[in-house]
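One structure is given below, encoded as structure tokens.
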Amino acid sequence: MKAPKSFRLHIGLFGRRNSGKSSILNALTNQEVSIVSEIAGTTTDPVEKPMELLPFGPVLFIDTAGIDDTGDLGKLRISRTFAVFDRTDLGMIVTDYSTWGDYEQTIMQEFHKREIPFIVVFNKSDLHSEDLNITTQLDSLKISYVSTDAFHRQGIDTLRHLLLEKAPADFVNRQAILADLIGPGEMAILVTPIDKEAPKGRLILPQVQSIRDLLDHGAFCMVVREHELELALQRLSSPPKLIVTDSQAFEKVNAIAPPGIPLTSFSILFARFQADLNEMVRGAMTIDQLNPGDKVLIAEACTHHPIEEDIGTVKIPTWLNKYVGGALTFVNMRGRDFPKNIADYKLIIHCGACMWNRREMLGRIMQAREAGVPITNYGLTIAYSLGIFPRALGPFPDALQWVKGKEQNSL
Ligand SMILES: Nc1nc2c(ncn2[C@@H]2O[C@H](COP(=O)(O)OP(=O)(O)O)[C@@H](O)[C@H]2O)c(=O)[nH]1
Ligand code: SF4
Ligand SMILES: [Mg+2]
């Protein structure tokens, strides 16, 4: 399904002709769709370029190709380029240290005036080295900047991290946990086992957040233990839109829930809400490629783990060793530190990051991707081990398609 335009992050690309806007776009998206040319552009109409930009997904670049400071700045104000500011959620000024001047400062002032977050990109760093006069000034104004060499793809990862850091929260955070799968006026059933591992007297955060999400969107739910699920289904005059269960009760719930009713787990909902479902599903699928002796990083966001004490230190390591038929080398990390040498690891298994915001988790996913290391989370590791993926990914066609393709290839 194509993402509607208004949900896309609009990135306004400003910069003189030949500053390297198209080259930066290509380097960021790894697509050769924007034409890189050595001849200065002729049109002053901004060009809209819908693209996939990791980790955001679909974004819209608005390329103001074809304007520069050769014209009168006054003309710029009335030109169609200036209207791009009205549509820009996040701005980029592409320049280099030798050309930084009035034109760039005008754009910068406009961003400031409109309170649009932006990044200054000093491109062509292979040709022009840093000018301390400029960067000291930007530092004092607390303006984010980066040096890139789009030609040799240097600095592009740093730029991508800055884009994530600066993007308005509305575009980074998911709007719904599960309400988008249910719809207003419709019902979900949430299955929450109440066993000795459940905290006393309360529900855990993901369950509470899911209930609230449904209420916020005019949907509703029934909350049951797995033992009462069958009875609950019998009482309903029409089936629920979705059943969500704790991964640990998945097998039981799978047997009770008629095949026509979509079923998923809280872990999967939260891999989508707090992280990136497709990326984490891909990560879990690489468990099959692990061999004894391989290094696996187990990362937890909290420095202490109030829930499920031993999952990262005992349960997952024990199961994975059994699965690969030998001892893997596990390293457990807690808190905000991420090891420098992540490329040494074959897999990163992260906690659900329920105490973090999505921006932080996407930052980690990007780091893993840059190092070429697959990443998944606790819940998906468990789900994969239980053989849950095909049914539990039913409500997420993209992720399911990927799993099916992978299974087909390995036949
Ligand atoms: N040396 C060098 N050349 C670059 C760099 N980025 C872009 N170019 C070259 O600069 C020219 C203009 O680039 P382009 O991306 O079309 O600029 P645009 O007009 O701003 O879109 C092309 O010849 C590019 O190959 C860079 O970082 N270093
Ligand atoms: S942030 Fe991670 S470690 Fe902390 S409670 Fe949530 S899942 Fe556990
Ligand atoms: Mg261009």
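The values are calculated or read from the model by the stated rules, or taken from the named source; none is laboratory data. Since the structure is predicted, the reported quantities are computational estimates derived from the model, not experimental observations. So basically every Cβ, Gly included, is an ideal-geometry build from the backbone, and we count neighbours across all protein chains shown.
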(request) Could you pull out the residue among Pro184, Pro206, Pro240 that is closer than 22 Å to Arg272 by Cβ, of a type outside the set (S, T, N, Q) and over 27 Å from the mean Cα position of the chain (by Cα)? (result) Pro240
(request) Return yes when Glu228 is surrounded by fewer than 17 Cβ atoms within 10 Å (Cβ to Cβ), of a type in the set (Asp, Glu), within 21 Å of Leu203 (Cβ to Cβ) and not assigned by TED's automatic domain parsing to the domain that holds Pro397 and no when it is not. (result) yes
(request) Please note which strands (runs of 3 or more DSSP E) are completely contained in the stretch 278-367 and include at least 2 residues that are crowded, with 18+ Cβ neighbours inside 10 Å. (result) 295-300, 347-350
(request) Those residues that are at pLDDT below 90 and within 19 Å of the chain's Cα centre (by Cα), I need them from the stretch 1-30; list them, please. (result) Met1, Lys2, Ala3, Pro4, Lys5, Ser6, Phe7, Arg8, Thr29, Asn30
(request) Test Asp310 against the stated conditions and say whether it is more than 20 Å from the chain's Cα centre (by Cα), within 16 Å of ligand 2 (Cβ to nearest atom) and at negative phi. (result) yes
(request) Scan Ile375, Ile382 and give me the residue that is within 15 Å of the chain's Cα centre (by Cα) and hydrophobic (A, V, I, L, M, F, W, C). (result) Ile375
(request) Check off (1) assigned by TED's automatic domain parsing to the domain that holds Leu215; (2) touching a residue at least 60 places away in the same chain (Cβ under 8 Å) for Val121 and give me the number that stays unchecked. (result) (1)
(request) List every residue pair whose Cβ atoms lie under 7 Å apart, where the two residues are 6 or more positions apart in sequence or sit on different chains, the first residue falls within the stretch 227-249 and is without any contact (Cβ under 8 Å) to a residue 60 or more places away in the chain, and the second residue, located anywhere, is of a type in the set (Phe, Trp, Tyr). (result) Asp246/Phe266
(message) If I ask for residues that are hydrophobic (A, V, I, L, M, F, W, C) and at pLDDT 95 or above, which ones from the stretch 299-327 would you list?
(response) Ala327
(message) If Ser210 satisfies all but one of (1) touching a residue at least 24 places away in the same chain (Cβ under 8 Å); (2) exposed (fewer than 13 other Cβ atoms within 10 Å of the Cβ); (3) of a type in the set (S, T, N, Q), what's the number of the condition it fails?
(response) (2)
(request) Go through Thr99, Thr44, Thr95, Thr88 for me and flag whichever is of a type in the set (Ser, Thr, Tyr), within 16 Å of ligand 3 (Cβ to nearest atom), at pLDDT 90 or above and touching a Gly at 6+ places or on another chain (Cβ under 7 Å). (result) Thr95
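Here is a yes/no grid of residues against (1) free of Cβ contacts under 8 Å to residues at least 24 places away in the same chain; (2) surrounded by 13 or more Cβ atoms within 10 Å (Cβ to Cβ):
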residue	(1), (2)
Met187	no, yes
Lys196	yes, no
Leu203	yes, yes
Gly218	no, no
(request) Scan the stretch 347-367 for residues that are without any contact (Cβ under 8 Å) to a residue 40 or more places away in the chain and aliphatic (A, V, I, L, M) and jot them down. (result) none
(request) From Ser129, Ser140, Ser98, Ser147, grab the single residue that is at negative phi, surrounded by 14 or more Cβ atoms within 10 Å (Cβ to Cβ) and small (Gly, Ala, Ser). (result) Ser147
